[in-house]
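Presented below is the structure to which this report refers.
The values are calculated or read from the model by the stated rules, or taken from the named source; none is laboratory data. Since this is a predicted model, take the numbers as computed values, not measurements. Cβ placement follows ideal geometry from the backbone for every residue including glycine, while neighbour counts extend to all protein chains displayed. Note: areas computed on protein heavy atoms with side chains; ligands, DNA, RNA excluded. Shrake-Rupley method; radii C 1.70, N 1.55, O 1.52, S 1.80 Å.
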Amino acid sequence: MNPTVLVVDDEEQVRHSIAQWLELGGLTVETAADADAALAAIRRGPPKVVLTDFKMPRKSGMDLMRELQRFEPDIPVVLLTAHGDVPLAVAAMREGAYDFLQKPYVPEHLSAVVARAIEQRRLKQELQQLSGRVAAHEGLQAHIVGASAAIVRVRDMVAELCLHDPNVIINGQTGTGKEVVARALHDFGPRAKAPFVAINCAALPEELFESELFGHEAGAFTGARTARVGKFEFAHGGTLLLDEIESMPLALQAKLLRVLQERVVERVGSNKSVPVNVRIIAATKYDLEEQGRQGRFRPDLYYRLAGAEIPLPPLKAREGDILLLFEHFATRAAATAGQPHRALSSSDVEALLTHSWPGNVRELKSVAERYALGLKSMGRTVPEILGKVAPSPTAVGAALADRVAAYERQLIETALRDHSGSISAVIEVLGIPRRTLNEKMVKYGLIRPGRDTGTHNQA
């Protein structure tokens, strides 16, 4: 656990007395005898407040504060000064010091200053997190497109995980946008300025797996004429996406687990350990926990990867997003190709809404881009692109009417079930007259829960 306060003073007795007093107040305290020891301690685990003597050998408290501002600028620094150092301490506050205490200090005043500094640090972190969450939500709207409840939940999860750094498993059918979500986690997270590296585990021959992930030395195997950095080393500081991770051989899974546990890699043909700092995002269309129970995936690796899990819905579960996504992809493709925007006809809309979309968003994107180009050889209308016969206007109207009727029946049936057949409750929630409800129930052959089919079902 990171200390609450780091006390820095070259006099051991002073360090001990301050630490003892603050610990009596319930704070966790670490001490350092000089600025260099303090900087090393801060790199191991940053405290909430640094309390440092102003005058120390080699590096002063001011020097410590200036170095700290370069890599941990948000930590409040409180200076302990002698009487003659007050003008310098005031100058230090202009440079960013939180406060100063003149020796000899009153212990209660010391506690109050430290408490205020801790509270300021807490409020600043909360504000940064809130700003980061708002920025992530705004940026994610353009990356993860859609307004359905299912995709809003995905965006909320991604926005939350952008503020933290756990390994993540993204689970979804082919074409649901797993790499798009992985890229968003990287681009809006703390590793955004470092590399994002994607590797498709299913596309790699087993004999090249280890070399591709961990690298190799010259002469490690036939054809290895020069040394090569693996994906882990290349992604150092950033994110590594392991797509279709269920395809990774079990022997390689064991080696990946070791890397995640020890945070080092060894190139093929080398005994030297190379430290790596990488966030792993694993993408799969399978339930890896179930795969583990069946002996097809290491359970211990699953638990290492599953710091968080993001399930992606298939496109058929996002019906309200189909037209929105189509317009998004078509508009972008038309602009890129310098083509005018083409409005959808009623038959185009019907084809989009009735298609089963086995290829999910990836298939929809392909159809939208072909539609935007409007080339005869590729099909000018959505039904043509999907290989369907365009229905007549009468057929389109009938199909839409059927969809409306099916939706209406589902609404009434759900309301009757949710309210245990209470007609008054259903009337209120649906906002329709009793007579209309009665007519609809007769039309769709609906009965109130608890009534058998031989019972009169009128409301």
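Observations, loosely collected:
- Search result, residues across region 76-91 that are in contact with a Leu (Cβ under 6 Å, 6 or more places away or on another chain) and either farther than 27 Å from LYS124 by Cα or in a helix (DSSP H, G or I) (or both): ALA89
- Applying the criterion of being among the polar types (S, T, N, Q) and part of a loop (DSSP other than H, G, I, E, B) to the residues of region 150-191, the residue that is least open to solvent (accessible area, probe 1.4 Å) is THR176.
- Looking only at residues in region 289-332 that are of a type in the set (Lys, Arg), surrounded by 14 or more Cβ atoms within 10 Å (Cβ to Cβ) and closer than 30 Å to ASP348 by Cβ, the one that is farthest from the chain's Cα centre (by Cα) is ARG332.
- Residue within region 308-316 that is of a type in the set (D, E, K, R) and closer than 15 Å to GLY175 by Cα present: yes
- Residue ID - farthest from LEU68 (Cα to Cα), chosen from residues in region 14-36 that are part of a helix (DSSP H, G or I) and touching a residue at least 24 places away in the same chain (Cβ under 8 Å): TRP21
- If the condition is being part of a helix (DSSP H, G or I), within 19 Å of VAL181 (Cβ to Cβ) and open to solvent by less than 40 Å² (accessible area, probe 1.4 Å), then region 350-368 contributes ASN360, VAL361, LEU364.
- LEU257 being modelled with pLDDT of 90 or more and either of a type in the set (A, V, I, L, M) or touching a strand residue (DSSP E or B) at 6+ places or on another chain (Cβ under 8 Å) (or both): yes
- Test: residue in region 235-247 that is under 24 Å from GLY307 (Cβ atoms) and open to solvent by 60 Å² or more (accessible area, probe 1.4 Å): yes
- Residue in region 68-75 that is part of a loop (DSSP other than H, G, I, E, B) and surrounded by 19 or more Cβ atoms within 10 Å (Cβ to Cβ) present: yes
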